[in-house]
Amino acid sequence: MFTLTRQGWKQAGGTWAKPGFAQSEENCVVGVSWLDASAFCRWLTNRERAGERLPSGWEYRLPTDAEWSAAVGSALYPWENDNYIPSGAGNYTGDEARDGNFPDNFGTIRGYWDGYARTAPVASFKPNQYGICDLGGNATEWCLDWYRKEMNSEFTKEIDAGKFDKDNKKFYRETLLSIINNDGDGEKYRTVRGGSWFTVGRGCTRSYYRSAALPGDRSSQGGFRVVCAPSAQIVADGSIQPPQALAGARGVDR
């Protein structure tokens, strides 16, 4: 698992139980791969079905990219459209992140302070219009889909237009652009959404920004959330094909 150390991100032997900082049962879990998260969803589905708490034909799974987009809403940022991150927007990399394991040459969001150097207890910040917490900040979240570079087309347009040049032109144009354009032909990386306690860049806090990681990767900033939905067929591109009887039903991904 990749853990933040004084020397930067290292594979330092951390686990979800010991990610390199203190965790409580109230904090979001991190250090979980896409494979781990998917296995948890299967375990939870089987347990709830066995206990007759989950109706027949329903399951727990990771959200699709489309479902995650619907949950975060249409605003430019999870905190709405103001380019300046307001107080209480979420658990990002504020000045509080500079503890004993934070590298001196890593940046923070200047003037921002959220009170949590690493993960925060779930729902520590204001929910969005749908009552959902932590879609921006705290932990990045795995989605079901394979990552494809066209998912970041809007973000790429903003980089090309120089939207983030005043933040860090070299980072956005040379580093981040090369990363988001590498999709391994669409069947190598899984889609990751949302910021985390380690998100600094203004562009990376955009609601529509996607990152990607190998299904087996684990990081102390990466976690997941689950959805409970009618059982569905997963098609080749990783998206959801709803059951025929529910294809037109409200709330089914389509």
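The values are calculated or read from the model by the stated rules, or taken from the named source; none is laboratory data. No experiment lies behind these values; they were computed from the predicted model shown. As a convention, Cβ positions derive from the backbone with ideal geometry for all residues, glycine included, and neighbour counts pool all protein chains shown.
Overview of results
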item	result
Leading residue by the ranking (surrounded by the fewest Cβ atoms within 10 Å (Cβ to Cβ)) among those in region 115-131 that are within 18 Å of the chain's Cα centre (by Cα) and without any contact (Cβ under 8 Å) to a residue 60 or more places away in the chain	Gly131
Which numbered condition Thr191 misses (of (1) surrounded by fewer than 22 Cβ atoms within 10 Å (Cβ to Cβ); (2) more than 15 Å from Gly90 (Cα to Cα); (3) of a type in the set (S, T, N, Q))	(1)
Residues within region 43-54 that are in a helix (DSSP H, G or I) and surrounded by 13 or more Cβ atoms within 10 Å (Cβ to Cβ), tallied	5
Verdict on Trp142 being on the phi < 0 side of the Ramachandran plot, in contact (Cβ under 8 Å) with a residue 40 or more places away in the chain and hydrophobic (A, V, I, L, M, F, W, C)	yes
Pairs, first farther than 20 Å from Phe106 by Cβ and at pLDDT 90 or above in region 156-182, second assigned to a helix (DSSP H, G or I) and polar (S, T, N, Q), C-beta under 9 Å, six or more apart	Leu177/Thr156; Ile180/Asn152; Ile180/Thr156; Asn181/Asn152; Asn181/Thr156
Residues satisfying the stated conditions in region 142-177, i.e. under 19 Å from Ile85 (Cβ atoms) and within 17 Å of the chain's Cα centre (by Cα)	Phe155, Leu176
Residue, surrounded by the most Cβ atoms within 10 Å (Cβ to Cβ), within region 68-114, restricted to residues that are on the phi < 0 side of the Ramachandran plot, free of Cβ contacts under 8 Å to residues at least 40 places away in the same chain and not in a loop (DSSP other than H, G, I, E, B)	Glu96
Every residue from region 20-42 that is out of contact with any Leu (no Cβ under 9 Å at 6 or more places or on another chain), assigned to a loop (DSSP other than H, G, I, E, B) and either of a type outside the set (Gly, Ala, Ser) or loosely packed, with under 14 Cβ neighbours inside 10 Å (or both)	Ala22, Gln23, Ser24, Glu25, Glu26, Cys28, Val29, Val30, Val32
Qualifying positions in region 196-210 - of a type outside the set (Lys, Arg), in contact with a Leu (Cβ under 9 Å, 6 or more places away or on another chain) and either assigned to a loop (DSSP other than H, G, I, E, B) or touching a residue at least 40 places away in the same chain (Cβ under 8 Å) (or both)	Phe198, Gly201, Gly203, Ser207, Tyr208
Single residue of region 132-171 satisfying the filter (among the hydroxyl-bearing types (Ser, Thr, Tyr) and surrounded by 20 or more Cβ atoms within 10 Å (Cβ to Cβ)) that is farthest from Ser231 (Cα to Cα)	Thr140
Test result for Asp134, under 14 Å from the mean Cα position of the chain (by Cα), in a loop (DSSP other than H, G, I, E, B) and not small (Gly, Ala, Ser)	yes
Tally of residues being assigned to a strand (DSSP E or B) and either more than 23 Å from Tyr147 (Cβ to Cβ) or among the charged types (D, E, K, R) (or both) across region 55-67	3
